[in-house]
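Undergrad: Can you read through this structure? Questions will come right after.
The values are calculated or read from the model by the stated rules, or taken from the named source; none is laboratory data. As the structure is a prediction and not an experimental result, all values here were calculated from the model. Positions of Cβ are backbone-derived with ideal geometry, glycine not excepted, and every protein chain shown enters the neighbour counts.
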């Protein structure tokens, strides 16, 4: 705990058997109180590794619900067991668990209610092996969203995020997509509600066993980002109120 706030790390897992142990062992348990792993119907040994590591809360989806559906299970369980600070960490070892201290203290000390690990601040993205086309798409989509949403974030697409309990309680994330666009919808909702988001520089690693979506899924995600931005702009300017922001 920090300032009597219970810190929970959630691991949305899918075929993470090769990287789960490395990720878990770097979690700073001097401040982290509990870990939740949600296995989205993996076809590998993710569940077995999770049990061997002694993870307290393991949720197994009987069918694959998608990345967004996995996160919904993560956050609902974290709220159920009394989490005050909830950190989403991908178990594919792409993001460093060593940043959990910094992210948690910003929320625990009530500096910010949301903290994200940005791969774009500094030179972490390309240095860590992000494919160039993904980097270009990231920059374009971020610029588009910053203009339409009147923000100055360095990126909207990182999968490393920390939330205060109040944010998860105030936003109906369960109505969001079960697909990858869930992340972007959630950030848009957070900003729509008037919450501020802090960013910290986050080194990242792209390697064979790290999860990544292919080009066609990336294109689908990009179109979803554009649509989310337009819905935000329309709702904020009272042109048309999207259900996403009700």
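Undergrad: If only one of 174, 237, 214 is within 18 Å of the chain's Cα centre (by Cα) and surrounded by fewer than 18 Cβ atoms within 10 Å (Cβ to Cβ), which one is it?
TA: Only one candidate qualifies: 174.
Undergrad: Picking from 31, 27, 8, which residue would you name as being in contact with a helix residue (DSSP H, G or I) (Cβ under 7 Å, 6 or more places away or on another chain) and either assigned to a strand (DSSP E or B) or at pLDDT below 95 (or both)?
TA: Answer to the selection: 8.
Undergrad: With the requirement that a residue be part of a helix (DSSP H, G or I) and out of contact with any helix residue (DSSP H, G or I) (no Cβ under 9 Å at 6 or more places or on another chain), what does segment 11-24 give you?
TA: Correct list: 22 only.
Undergrad: Could you list all residues from segment 124-152 that are closer than 29 Å to residue 7 by Cα, out of contact with any strand residue (DSSP E or B) (no Cβ under 6 Å at 6 or more places or on another chain) and surrounded by fewer than 19 Cβ atoms within 10 Å (Cβ to Cβ)?
TA: Residues satisfying the conditions are 151, 152.
Undergrad: Separate question: Restricting to helices (runs of 4 or more DSSP H) lying wholly in segment 40-117: which have 1 or more residues that are surrounded by fewer than 17 Cβ atoms within 10 Å (Cβ to Cβ) and touching a residue at least 40 places away in the same chain (Cβ under 8 Å)?
TA: 66-80, 100-108
Undergrad: Sticking with this one: Can you tell me which residue among 198, 162, 188 is over 19 Å from residue 246 (Cα atoms), crowded, with 21+ Cβ neighbours inside 10 Å and either touching a helix residue (DSSP H, G or I) at 6+ places or on another chain (Cβ under 7 Å) or without any contact (Cβ under 8 Å) to a residue 24 or more places away in the chain (or both)?
TA: Details: 198 fails: crowded, with 21+ Cβ neighbours inside 10 Å; 188 fails: over 19 Å from residue 246 (Cα atoms).
Checking each option against the conditions leaves just 162.
Undergrad: Scan segment 118-142 for residues that are assigned to a helix (DSSP H, G or I), free of Cβ contacts under 8 Å to residues at least 40 places away in the same chain and under 18 Å from residue 183 (Cβ atoms) and jot them down.
TA: Correct list: 135, 138, 139, 140, 142.
Undergrad: Now, a different point. Looking only at segment 5-28, count every residue that is free of Cβ contacts under 8 Å to residues at least 60 places away in the same chain and either farther than 12 Å from residue 55 by Cα or crowded, with 18+ Cβ neighbours inside 10 Å (or both) and tell me the total.
TA: Total satisfying the criteria: 1.
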